[in-house]
Structure formats: structure tokens, C-alpha cells
Amino acid sequence: MALQVYNTLTRRKEPFETIEPGKVRMYVCGPTVYDKAHVGHAMSAIVFDMVRRYLQYKGYDVIHVMNFTDVDDKIIKRSQETGDDPFAISQRYVDEFHRHIDELRVLPATIYPRVSDTIPEIVEMVQTLQESRHAYPTEGGVYFRVRQDDDYGKLSRRKLDDVLTGTRVEVGESKEDPNDFALWKAQKPGEPAWPSPWGPGRPGWHIECSAMALKHLGEQIDIHGGGNDLIFPHHENEIAQTESYTGQSFARYWMHNGMLQLSGEKMSKSLGNLVTVDEFLAGHEADVLRLLILSSHYRKPLAFNSTVIEDNARALARLRSALRPAVGRIATGTEAETLAAAAAQARTGFVESMDDDFNTAGALGYLFELVTAINRARDAGVGGEPFAAAQDALLELTGVLGLQLATVQPQGAEAAPFIDLLLELRAKLRVVKQYALADEVRDRLTDLGVVVEDTREGSTWRMQ
RNA sequence: GGCGACGUGGCCAAGUGGUUAAGGCAAGGGUCUGCAAAACCCUGAUCGCCGGUUCAAAUCCGGCCGUCGCCUCCA
């Protein structure tokens, strides 16, 4: 079974075939850098990171482009409110974005283009669209002529006449059709601007992505991704511009992730119900967010609340339980063979699930079954090569999802000699059956975040 | 109003025509342990409601109810 990908354009799962064998050109809409990122942005980043990692696991060479929209109404507005230079604002949030990517263990994109670095390409594109009558200049800027594009609306399945009814699209004086959208906006006082054939101005909202995808990936790309709230108008307009410009179909697969929901509603800036990435990471590990996101299908809406977070923190601990060392050394026999079979089955099931439009929830199910098999084998005394091989399989597959089970704990490392000393003394207390004191040592360590567990071979500890 | 998605055990969530409906969390019982923790074993759902198609449906079709998204900036 080969990889199947759900395509928003056709509303169906389709076999994944790239334009160039073995190579994937992927463009994912990045953030408008004017404010702190919230966990919804992180969800999108993590989803497409998972897609990329899996494609690479399948052997594809992935060129991943993610843009920064650093010229935009919202940045200008923020600048006017705070008095800060608009480029200083965008740079601040670009820097923050890179820090988040690092903390969330999202693989960096191959290229991070910015609107401000793509102005000549944008101007050229708008000019060509004007020459082909797909665009027309007015006093306020240059607009895309929606009626000139016969298949406008094909992505969002919207008919132009429907868009008009029931909405409050105001017919601007200068627009021919209320659905026409700006490719180029004429400069207003105090706004950043670049020279152009239409006078000083700046790009409209959608044209940057078309120009950047074109510049860095070519006229046709394999995957175009983003949140499903971008389907209309952003991606619809991108298709209209790009295909009118190139005369070819733009992206083969349009992939959209569902929205993260907080208290039953979409998390968004305008609703003000957001949790920032920094706030989340202050209290939880990056892997908890990743597991939470991957435990459901990427196209579905996902509830985000403290219960779900805690559930996934415990689920993560369970995945990690399989990485504890073997206690026995049995390397042959039924138990060892059963474990090897479980590892093989996990691998097969994982790939089968992931091939079905990145069914991470199904894939995780197989990984949890492998966890059980590993722990059972450990209890049965299995060790040595078969045990290590099963653990390696688990690490490999969780790694494909971008989970990092093995933890380094620097704060624990510093305290280690002292904790060891306490446990050594506690062991002596237990020998002389001073259980009250021994339990107090354990309880106090627990309060400090050190989990003590007694086994046949002695006591172990780990940081909470 | 238009377009679209979803409704599976207490919670989260796979499965989309046919063996015993994955998995995680929580809960209860048990093994182990001085106790605890961890781990292991055991226990639970007929799939929103109604009707239809079919030898056979959670899975297809229709209706209803409910939740959510887009239509304005938005991952």
C-alpha cells in the first residue's frame, strides 16, 4: 500500500505521486509576524513537521519552504500603536518563531523567504497579470479580476454569486467586482512602501505566497499546506493568481490541518482565547503538545484543555516506560521471539497507518502495543540484543513522529550525587526496617520532583 | 443565509460493508512490594436519533437533533 494523501482540492484521498520522482516540493503558509505565537500556530507547525518527517522516512528528498509575511496591515497597525519600526516588530517575532521551532523540535524549513525580500518578483507578477487582463489598476492599487478566472472558487467550492449573498462585502468604489482582491496596495501616509509602475505601495495579502512559492519552488509544487481557515480566501486567491500567471495547475495536493479548540471554540487572536507557545512550554514539555496533536487526526478539530494535556503527559510517560533498561538477559526462546514479532508488527502497522493520509492516531496505537510488549518482555527477563532491538524500533518510529522519548535532565544531573547519597542511606534504613523514616525520605524527594521506585535490584530515581 | 466538517465506552481517539469495534487517560479487581510507585494480568461501548439499501452497516443513502469551522484578520 502506497502513501495516500487527502487533497482539499478534490476532497478525496489520492495516491501520492510527486512531480519529480523522489523529490517533494512543499510550501507551508507561515505566520504573519506581528504578535506572539499561540499553540494553534504550533499545531500547524507540528503537523507539517510530521508530514515532512514521514516523507523523509519514506525516502523522499523534501524541499520545505515556509514564508514570513513581514509586510502586512496588522504589522503596520501594531507599529502605529507602539511607535516601533514595523521591520523591528517583524524581526522580533521572526526571532521568536525560530526559538519556538527549536523548542518544539520542529525541523527548520529549507528556506524561509520574506515578503520584503520578494518585492521585485511580486511587482513582475502583478505586471504580467495586468498585461493578461487578469488584473487592473485603480487609484487604491491593483486588483485581481476574479471574473476573468473561470475556475475561481474551485478549492473552497464557492460560487462567486454565493459569496455575495449573505455577506457584507462592501463594494469599494474602485473595484469592478466586490470579490476582486488587492494584488498591490497604494501607499498611505506613514506606511512602508516600495516603488512600482503604479507608484509607491506594497503587496496585497495573497500575492506574496504565490510569488515566494514560484521563486523558490517553481511553477508547480507538490504540497501546499496551512490551516483550514486559510482555504478561503487566502489559498483560493493564491490559486487564482498563480494559475492565471503560469497557465498551469499550481499545487498537486492541498493539505489543511484542523483548528485547535479552546473551550469549544477556535483559538484565535480575535477571540482572545489563546494560549501562547511560551505559556505552554513554561509548564509542559514540548513532547506533550506533540503527542496531544498527533493523538488525533490532523484534519479534525482538536480540543485543547488541561484534562487533555494531563492525559497526554501520562501517555508520554507510558511511552517512556518502555525505555527503561532490561533486568534479565534472556536473548533466545519464546519470549524473545514474541518481542521480535511485536516489534515487526508495530513497524508494519505504523507504516500502514501513516500511509493512510498520515493517520498518526492509528500509528500511535501500534506504538503503545509495542510498549506493552517491551514491558512484558522485561518482566519475563528478556534482555540483550532482542530487547535492545525492540527499544530501537520504538525509538525509530517515535522519532519519525518527532517525539524525543529519551530525556536529558541537566537539573537532575547536578543533584544526582546528593540524591544517590540519600537513597543509599534510605537503603540502610530499610535494611533495619526503619520504614517510617525511609518512607519520609521518599515522600520528601517526591515533593521535590524526584520519583523514587524500589525494585528487586535496588532503588531507582528519575526527575518528574 | 451559502459552503463544509464532525457526533464511537466516564474522557480523548482509531476503525468507514462481513472474524472477539485498536490504542491512550481515568476507574475497579489482582500479581509483585515492608508500604508505595512503576510494570504486568483481568474488567467495560453495538458506534447521536429515526427510517431505508443489503444475505450482512458504526461503516452506504435519506431525514432529524447536536457540536464546530469558513464566508472579515486568522495556523
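Structure above, values below:
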{"quantity": "Filter result for A:E265 (modelled with pLDDT under 95, open to solvent by less than 10 Å² (accessible area, probe 1.4 Å) and of a type in the set (D, E))", "calculated": "no"}
{"quantity": "Positions within the stretch A:4-41 being among the hydroxyl-bearing types (S, T, Y), near RNA strand B (Cβ under 10 Å from one of its atoms) and within 19 Å of A:P113 (Cβ to Cβ), in sequence order", "calculated": "A:T32, A:Y34"}
{"quantity": "Sole exception among (1) outside any helix (DSSP H, G or I); (2) modelled with pLDDT under 95; (3) within 16 Å of RNA strand B (Cβ to nearest atom) for A:E208, by number", "calculated": "(1)"}
{"quantity": "Filter pass, A:I46 being among the β-branched types (V, I, T) and open to solvent by 10 Å² or more (accessible area, probe 1.4 Å)", "calculated": "no"}
{"quantity": "Residues that are aliphatic (A, V, I, L, M) and either within 20 Å of A:A109 (Cβ to Cβ) or not in a helix (DSSP H, G or I) (or both), drawn from the stretch A:211-242", "calculated": "A:A211, A:M212, A:A213, A:L214, A:L217, A:I221, A:I223, A:L230"}
{"quantity": "Scan of the stretch A:63-89 for residues that are among the β-branched types (V, I, T) and under 26 Å from A:V51 (Cβ atoms), ordered by number", "calculated": "A:I63, A:V65, A:T69"}
{"quantity": "Pair list, Cβ under 9 Å, 6 or more apart: the stretch A:8-32 residue under 14 Å from A:Q220 (Cα atoms), other residue among the polar types (S, T, N, Q) and open to solvent by 30 Å² or more (accessible area, probe 1.4 Å)", "calculated": "A:I19/A:Q220; A:V24/A:Q56; A:R25/A:Q220; A:M26/A:T110"}
{"quantity": "Residue ranges of helices (runs of 4 or more DSSP H) in the stretch A:283-397 with at least 3 members hydrophobic (A, V, I, L, M, F, W, C) and near RNA strand B (Cβ under 9 Å from one of its atoms)", "calculated": "A:306-321, A:360-379"}
{"quantity": "Evaluation of A:F48 against (1) closer than 30 Å to A:Y93 by Cβ; (2) not assigned by TED's automatic domain parsing to the domain that holds A:K154 (one fails), failing number", "calculated": "(2)"}
{"quantity": "Condition met for A:R376 (crowded, with 20+ Cβ neighbours inside 10 Å and of a type in the set (D, E, K, R))", "calculated": "no"}
{"quantity": "Contacts under 9 angstrom Cβ, first residue in the stretch A:440-464 being over 17 Å from A:K428 (Cα atoms) and part of a strand (DSSP E or B), partner at pLDDT 85 or above and among the polar types (S, T, N, Q), 6 or more apart", "calculated": "A:V451/A:T460"}
{"quantity": "Filter result for A:R426 (over 30 Å from A:R53 (Cα atoms) and either open to solvent by 50 Å² or more (accessible area, probe 1.4 Å) or in the same structural domain as A:D102 (by TED's automatic domain parsing) (or both))", "calculated": "no"}
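Okay, residues lined up against (1) farther than 25 Å from A:D278 by Cα; (2) modelled with pLDDT of 90 or more:
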| position | (1), (2) |
| --- | --- |
| A:V94 | no, yes |
| A:R99 | no, yes |
| A:L104 | no, yes |
| A:L107 | no, yes |
| A:M125 | yes, yes |
| A:A135 | yes, yes |
| A:R157 | yes, no |
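The values are calculated or read from the model by the stated rules, or taken from the named source; none is laboratory data. Quick caveat: nothing in here was measured; it's all calculated off a predicted structure. With ideal geometry, Cβ positions are generated from the backbone for all residues, glycine too; neighbour counts draw on all protein chains shown. Surface accessibility is based on the protein's heavy atoms, side chains included, excluding ligands, DNA and RNA. Shrake-Rupley method; radii C 1.70, N 1.55, O 1.52, S 1.80 Å.
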